[in-house]
Amino acid sequence: WLKLHLALQRSTLSDIERAQMAAQAGGVPASEVAESSLLRQKGLGPSYGVVPLERQTSVDVKDDTCDDLCPSSEEHYPFLDLTRLGCVFMVAVDHGAPAFGYWNVFFAQGWVLQYLFLVCGVCFGMSKKPLLEYELRLGVYAVIGVCVNWSAWLLMGLDWRSNFFNVVFHIWFVVGLMVYAVLLVPVRAFLVSTRAMCDQRAAAGENPEEADLPQDEEERGGDVSVPARAEQRDALLHALVVIGGGVLGILILFKEVMQPLLKILAPVVLQFVSLLGTGTSFWGLPQNSQESLVFLEQVCSYSMVTTTNLYLMFTCPRVFKRRQLTAWAVLINTYGHRMLWYRSSDERPWHGFDLMTIALTTYFLGILHRRTLGKYIARYWFVPIALCGLLWPAGTYGRLDETPPHDISLRIRSTMMEAIFIVVWLCAGDRIVHKEIFTEDKMVFMNDWALIVFLVHKAVHMMLPSPTNWLVILGIGPVCYIRRHMP
């Protein structure tokens, strides 16, 4: 289809005729494409899912561009908006009726906060704003949210001075995004250059689909030659040595080399945490000297996983012929550690960074077989839901996302559920969500609702009893609709 499209671009046909011919080749009614082409020419319709020509021609049609997540940073992807809407709604529900979270209604513990980080990671990868402008915008949201929460504490006559951590409450998410953005700027720049390197390598004739075997041997249907097998074996051995050796070195660094420094840093960390108030205990931060030392040991474990992810991101595109394998390597490393090793409630900031790393890696490098997996996930959407229903122990009560279980069986179950949700979103999120929700049903105003509700919902829950609080939160929707449709 892409070869046909490029040939048509060089022809003398009109835009509408070229679109009609491309649509017939792809099985899309030509009348629909002609109508959408006219709308785009007149500026009356959004160009959802259209990949710019410069992105398409950067690599050959046989490469895995279909495995890319949001292949164009210039287009609007409605599944990002709808994901954000659903997550904000569930956050507001959880903060107003915690029983929903404790009973894991809709399996929310495995996807709400996780999807928010994934969306933020993809949007950060797509953003072309300078870092300062990006940080200022997030800073404005953080200041507004903290002021709203602080006002609620003042009006309720609560002691906010000794519990500032809980005054900020959910706005720590925004503060975390600001920190992550600063840390991920060089990572994003590296991924941009890595993607360009992979595209140049593919354009030079290193086809990732056929690079493992000699072309002439495959065409003849014969066995692979002895030199070719030796080359494959050497390449595999090289990859194992590079990746395995690096992972082992990172393990020694955090488990052995860093240990003597922890006793020196423990009192400093405890003094800093005490300045944040008593609310820090809810998030698992240390409250005495012994807990401070244990906390630092856990931080080393969390940082080891994050560092390993960054190492895999750097090495995998260079030792593997397919850049799309990188995302799978990062996913396996992240969730393999979460299944096998206990991670306390104070691990959430590191996990947020890991999720944004996964999102950036998938956005820039793709994820292998995304198109195929996405097709079957969208077709058999009920299978992941059934699997999660079987994995979650019936009658379990508690926030396993905030207080991870020590029992390895339960930990593996809950982590597998989260991994399923992550893979489903990365591979099939854009297929499950229909753009008509925004283009035909005119639900764009819900983006404004989600932003406002995220900033004010905690204060509304604090100051107003049920069901008044819910009426106020839902009532923001019609206001946003009227505002959007004002002449």
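The values are calculated or read from the model by the stated rules, or taken from the named source; none is laboratory data. As the structure is a computational prediction, the values presented were derived from the model and not from experiment. In this analysis, Cβ positions are derived from the backbone assuming ideal geometry, glycine residues included, and neighbour counts consider all displayed protein chains. SASA here: full protein model, heavy atoms, side chains in, ligands and nucleic acids out. Shrake-Rupley method; radii C 1.70, N 1.55, O 1.52, S 1.80 Å.
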Note to self: What are the pairs with Cβ atoms under 6 angstrom where one residue, in segment 323-344, is surrounded by fewer than 23 Cβ atoms within 10 Å (Cβ to Cβ) and the other, located anywhere, is among the hydroxyl-bearing types (Ser, Thr, Tyr)? Sequence gap at least six, or different chains.
What the structure shows: Asn333/Thr308; Tyr335/Thr415; Arg338/Thr415; Met339/Thr415
Note to self: Looking at segment 127-140 only, could you name the residues that are within 12 Å of Val175 (Cα to Cα) and either surrounded by fewer than 11 Cβ atoms within 10 Å (Cβ to Cβ) or touching a helix residue (DSSP H, G or I) at 6+ places or on another chain (Cβ under 6 Å) (or both)?
What the structure shows: Glu135, Leu138
Notebook entry, point to check: Which of the residues spanning segment 315-342 are out of contact with any Ser or Thr (no Cβ under 8 Å at 6 or more places or on another chain) and more than 21 Å from Leu400 (Cα to Cα)?
Noted result: Thr315, Arg318, Val319, Lys321, Arg322, Gln324, Leu325, Trp328, Ala329
Margin query: Against the condition of a type in the set (A, V, I, L, M), outside any loop (DSSP other than H, G, I, E, B) and surrounded by fewer than 16 Cβ atoms within 10 Å (Cβ to Cβ), how does Leu471 come out, does it pass?
Written below: yes
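Each row is one residue, and each column tells you yes or no for (1) in contact with a helix residue (DSSP H, G or I) (Cβ under 6 Å, 6 or more places away or on another chain); (2) open to solvent by 30 Å² or more (accessible area, probe 1.4 Å); (3) modelled with pLDDT of 95 or more; (4) not acidic (Asp, Glu).
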| site | (1), (2), (3), (4) |
| --- | --- |
| Phe107 | yes, yes, yes, yes |
| Leu116 | yes, no, yes, yes |
| Val119 | yes, no, yes, yes |
| Ala142 | yes, no, yes, yes |
| Cys147 | no, yes, yes, yes |
| Trp150 | yes, yes, yes, yes |
Note to self: Just to verify a result, which residue in segment 392-450, among those that are part of a helix (DSSP H, G or I) and of a type in the set (Gly, Ala, Ser), is surrounded by the fewest Cβ atoms within 10 Å (Cβ to Cβ)?
What the structure shows: Ser409
Check: Which of the residues belonging to segment 233-262 are open to solvent by less than 70 Å² (accessible area, probe 1.4 Å) and either free of Cβ contacts under 8 Å to residues at least 12 places away in the same chain or more than 18 Å from Met313 (Cβ to Cβ) (or both)?
Finding: Ala235, Gly244, Gly245, Gly249, Met258, Gln259, Leu262
Check: Out of segment 121-179, which residues are among the aromatic types (Phe, Trp, Tyr) and under 21 Å from Pro349 (Cα atoms)?
Finding: Phe124, Tyr134, Tyr141, Phe164, Phe165, Phe169, Trp172, Phe173
